[in-house]
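Enquirer: Right, I'll just put the structure down here and ask away after.
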Amino acid sequence: QKLLLQNADVPVIMNTYFSQKVLLSEHSEVREKTYGLTKILIRKNIISLAQTFRLDDLDDKLHQESSDNQVPCAPQTHNNGGSKQHLSALSAVNDSLLEMVERQGAVGWREVQVRVVIQRVYCLPAREGHRSHTQGNKPLCTTPVVNSDPPNVRLCLLVQDAYGMFSEVQLQFLSSTDDTEQYCRRWEGKSCCLAGMKILQRTTRGRALGLFSLIDSLWPPVVPVKVPGQSQDSEMMTTNLPPPSFCYILTVQSGEIHVEVDEEEQISNLYQPPAVHGLKEILGIDGCNERCSFWAQVLYRRLQSKHSVPTDQREMLLFVTDSTLQNVVHGIPKVVAVSVTASCVLSVEITEALSAGSQLVFFKDALWGNGRIICVERTVLLLQKPLLCSAAGADLSELTGPVRLDELDSTTQANSVCALRGTVVGVNESTAFSWPTCNRCGNGKLELCPQDRELLYCNQCSEVVTTPVLKMQLEVFLSCPSRSQSTVKVKVWHEIILFALLTMLLFLQTYEVQSVLGKEVGLLNCYVHSITSHPNCVALEEIVLL
């Protein structure tokens with residue numbers, strides 16, 4: 001705010017996080033309002049800004065030190081039982097996060113509790129070392145982050161108070177992510193009281209787009225909320241409010257009771273369960289960075305090929321579908337890719353289930369934008385649908401019959417999956433290779449047996465391999481009617497269907513290419529590596545769906 005001072009021609013710009021103007025004539029009335037806890041009066045000396053900035057012609061009347069300068073932190077009451085009232089204040093419950101932050105400051109609050117509603121429960125990854133949370137140039141605190149195996153994650157709550165304000169509460173570290181689902185089921189939608197909190201950071205929309213995209217999905221509130229500084233008549237409790245522009249990140253103070261959740265209590269009216277949509281509806285959303293929740297069948301997963309990055313930190317692609325996509329005739333893909341970033345915490349249960357086979361997975365609060373669905377921080381993947389969710393009229397019927405992929409055509413894009421049919425027109429013999437594997441464990445790194453150099457030895461089984469299984473990789477060129485102007489190159493592995501048509505290429509490791517030319521193949525399930533126009537080429541890899 002720009003302030004024009006008396007008897008000074010130098011304007012002052014004052015940075016205000018959250019302020020409310022109080023006219024001097026209304027000061028006495030403000031002191032008489034009673035809407036909070038009993039506190040001791042704190043004497044404050046009013047120092048003029050002109051004096052602070054050493055401006056000339058100071059007005060003497062600004063140097064008052066009278067009883068009017070006693071600014072109460074909360075309304076005063078006159079009672080002789082001071083000690084009893086102090087004890088009652090310790091256990092009192094407030095309903096405003098902002099009021100607690102303003103009263104207690106960055107050091108946190110210990111004397112009071114704040115009643116809030118838990119809107120979301122999720123885990124955030126714990127990064128190595130120490131993370132300093134700053135406000136301006138001053139660090140508020142430094143949080144130690146444990147680095148262990150398995151890597152720790154931090155349980156977090158997104159809470160909302162009666163005024164509609166949100167805060168993210170970072171609780172204890174979890175040694176196992178499998179606890180996340182039970183916390184979601186037990187806590188989401190319930191009211192809880194926060195105590196012993198301290199402020200890590202005051203963040204804004206520009207600094208935390210991911211957090212605010214989740215907050216925006218919960219705005220406006222489903223029930224009217226209170227308006228700060230106004231009388232709480234029914235007409236004043238309105239949802240016609242702008243979305244929050246800032247959010248406090250809170251954490252617990254060590255050695256205290258921090259969160260008290262009444263699990264027996266009914267679901268709060270302020271709670272907004274995830275709105276479940278069909279994939280077809282999500283693909284039609286025009287906005288950017290919109291949170292969405294859906295139930296889908298995972299058909300294929302693929303780690304992004306950044307070999308310098310550890311496996312557990314790589315981005316993963318999950319190719320999913322549902323009945324809304326499978327029943328579409330034209331114009332919308334039958335399978336879509338969901339990008340799972342390394343910041344999205346996956347439970348061990350989800351990881352193992354995806355490794356075992358195709359799964360129905362509930363994606364809660366994924367991010368949609370620029371034609372992509374992304375699982376980022378605060379996205380939760382579950383094998384079971386939450387007890388509370390809003391279907392919003394979506395078709396959530398389960399898949400019946402075999403899953404269909406889109407056939408390769410002119411609209412196919414890289415990093416997608418498709419079905420392929422065509423005629424073999426060539427084999428790239430220069431890139432073909434084969435290797436022996438153990439017939440017991442599948443180990444592909446066999447060695448020569450020390451006792452008999454003509455035999456192979458498996459280190460994993462610690463035994464001689466007398467009948468190794470020979471595996472091979474080939475690049476096959478196909479002529480496809482749907483991409484008649486393109487060179488279609490398919491990488492083929494020994495375990496895949498197309499290889500059965502090419503086994504005649506392998507006889508005593510001698511290749512007879514002419515014997516397979518002209519063979520028709522399809523439909524093959526393929527992953528699209530790249531599509532180039534100069535030269536006009538489509539590079540694919542045959543895959544096996546989960």
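The values are calculated or read from the model by the stated rules, or taken from the named source; none is laboratory data. These figures come from a predicted structure and were not determined experimentally. We place every Cβ from the backbone using ideal geometry, glycine too, and count neighbours over all the protein chains shown. Remember, those area values only see protein heavy atoms, side chains included, never the ligands or the DNA or RNA. Shrake-Rupley method; radii C 1.70, N 1.55, O 1.52, S 1.80 Å.
Enquirer: Could you order peptides 154-161, 4-11 by the average number of other Cβ atoms within 10 Å of their residues, highest first?
Expert: Result, highest mean Cβ count within 10 Å first: 154-161, 4-11.
Enquirer: Just the accessible area for Ser347, please: 1.4 Å probe, Å², rounded to the nearest 10?
Expert: Per-residue accessible area (Ser347): approximately 20 Å².
Enquirer: Restricting to Cα pairs below 8 Å that are 6+ residues apart, what does the relative contact order work out to for segment 276-382? Please round to a whole percent.
Expert: Relative contact order for segment 276-382 comes out at 32 percent.
Enquirer: How charged is the neighbourhood of Val101? Take every other residue with its Cβ under 12 Å from the Cβ of Val101, and add Lys/Arg as +1 and Asp/Glu as -1.
Expert: Around Val101, the surrounding residues sum to 0.
Enquirer: So, one more: Add +1 for every Lys or Arg and -1 for every Asp or Glu among the other residues with Cβ under 10 Å from the Cβ of Gln297, and state the total.
Expert: -2
Enquirer: Still on this structure: Heads up, I need the accessible area for Tyr457: 1.4 angstrom probe, whole protein in place, Å², nearest 10.
Expert: 60
Enquirer: So, with a 1.4 angstrom probe, what is the percent of accessible area on segment 324-445 that is carbon and sulfur? Working shown, then result.
Expert: Details: 2960 of 5860 Å².
The C+S portion of the solvent-accessible surface of segment 324-445 is 50 percent.
Enquirer: Could I ask something else about it? Could you list which residues have their amide H under 5 Å from that of Ser416, counting only those 5 or more apart in sequence or on another chain, with H placed in the peptide plane?
Expert: Val528
Enquirer: Right, another one. Over 31 Å between C-alpha atoms is what I'm after, so list which of Lys334/Lys445; Lys445/Lys491; Lys280/Lys471 land there.
Expert: Lys334/Lys445; Lys280/Lys471
Enquirer: Here is a further query. Quick check on segment 276-382: take the gyration tensor over C-alpha atoms, sort the square-rooted eigenvalues as a ≥ b ≥ c, and tell me if it's rounded (a/c under 1.5), prolate or oblate.
Expert: Since a/c reaches 1.5 and a/b is larger than b/c, the shape of segment 276-382 is classed as prolate.
Enquirer: So who's got an amide H within less than 5 Å of the one on Glu463, skipping anything under 5 residues away but keeping other chains? H placed 1.01 Å off N, in plane.
Expert: Hits under the 5 Å cutoff: Cys458.
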